[in-house]
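Taking it in order: structure first as structure tokens, then the write-up.
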Amino acid sequence: MKKVLIICLHRKDRSPGQRFRYEQYLSFLEANGYHFDISILLNAKDDKAFYSKGNYFRKIIIYLKTLLIRTKDWFRMKRYDIIFIYRDALMTGSTFFERRFASSKAKLIFDFDDAIWLQNVSEANKKLAFMKNADKTRKIIRLSDLIFVGNQYLSDYAAQFNKNISIIPTTIDTSIYVPQKKSGDGKTICIGWSGSFSTIQYFATAIPALKKIKDKFGDKVSFKIIGDKNYYCTELETKGDAWIASTEIEDLSQIDIGIMPLPDDEWAKGKCGLKGLQYMALEIPTLMSPVGVNTEIIQNGVNGYLPNTENEWVETLSDLIENNGLRERIGKAGRQTVIDKYSVLAWKQKYLDNFNKLTATN
């Protein structure tokens, strides 16, 4: 039995990145000879405090706790064959612990699914931005034995510092993400977006087009915004809903058309299309901005759409609202794309092969 220590920020099922990057592969790896210990930094109570505004004394206490957790990991690192780091070991700019892990006999895997070499700080912690150093990403890449990245854009960056790279796209477990029967009246078409309080800014870029859709179709359309229960969109007269892990599929299944708008900037180019893939897996016809990996996932007009201008968004949404057969056809093609190219089933063997190849030299 090979032993693996996973170094991550959040508890299981809390972070979409962790869930769709590695958590859903753990049972398959365990069935093939791997045992996992997972070391998180934030429990549920600390998580809430850390992402709230202010409360800096409490955040200092939380940070001291994270140092203690990682010190314990340092002292036990010799027990493991692989140390797997998702994004980083600490939420500050330090690579102290990554350097210690790299000095052990364990092989080091580094997994990231965003352009994390660019500075990106949550709104609640803007005043603590001085503690971060996004440039540490290249240092961790250099220290690692194998890099997992979610797309070619991230791979191109990592390749400047390390040639041992495996592109593992963010994937969906299609045995869990199964199309659900719609609970609506069948007359009102729901246009939906899923994200978080930190990504609501991306939804906002689609509001002008959605406002035109609302003006054009009136009560024939409704809107669902998942991710921030405190958000209210005045233009669409729609309140946001909280993201809840236990009801995520049920909530997404209320959507008839899924949207994933993005700005064409360096951070967005690093994204791995997760929300779009979730819609597609549930046979929800999907519109994604033609940015980064989205242009690889979507064949425009075949398994989804890549509207660029506001007019293209309005025209494409209008076509889908008015044509039930089109929504059904695009939705089914989208799910098939996920099954063939972006599912756990399609990638779990390659995921395992990477682990086996790395441990074969131990």
Criterion (free of Cβ contacts under 8 Å to residues at least 60 places away in the same chain and either outside the structural domain of R21 (by TED's automatic domain parsing) or in a loop (DSSP other than H, G, I, E, B) (or both)) met by exactly one of K182, K187, K212: K187
Residue within the range 256-279 that is in contact (Cβ under 8 Å) with a residue 12 or more places away in the chain, assigned to a helix (DSSP H, G or I) and among the small types (G, A, S) present: yes
Restricting the range 176-185 to residues that are modelled with pLDDT of 70 or more and not polar (S, T, N, Q), the residue that is farthest from D219 (Cα to Cα): I176
Residue within the range 221-236 that is small (G, A, S), crowded, with 17+ Cβ neighbours inside 10 Å and modelled with pLDDT of 95 or more present: yes
Some residue of the range 232-249 being closer than 22 Å to Q336 by Cβ, part of a loop (DSSP other than H, G, I, E, B) and not hydroxyl-bearing (S, T, Y): no
Residue in the range 149-173 that is surrounded by the most Cβ atoms within 10 Å (Cβ to Cβ), counting only those that are within 14 Å of G292 (Cα to Cα) and among the hydrophobic types (A, V, I, L, M, F, W, C): L154
Residue satisfying all of: in the range 190-209; in a helix (DSSP H, G or I) and among the hydrophobic types (A, V, I, L, M, F, W, C); surrounded by the fewest Cβ atoms within 10 Å (Cβ to Cβ) among these: A204
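I'd like to verify a number: residues in the range 294-313 that are part of a helix (DSSP H, G or I) and under 12 Å from I259 (Cβ atoms), how many?
Counting residues in the range 294-313 that are part of a helix (DSSP H, G or I) and under 12 Å from I259 (Cβ atoms) gives 2.
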Residue among E123, E98 that is closer than 29 Å to D46 by Cβ, modelled with pLDDT of 95 or more and charged (D, E, K, R): E98
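The values are calculated or read from the model by the stated rules, or taken from the named source; none is laboratory data. Remember, predicted model here, so these are calculated numbers, not experimental data. Glycine also receives a Cβ, built like all others from the backbone with ideal geometry; neighbour counts cover every protein chain displayed.
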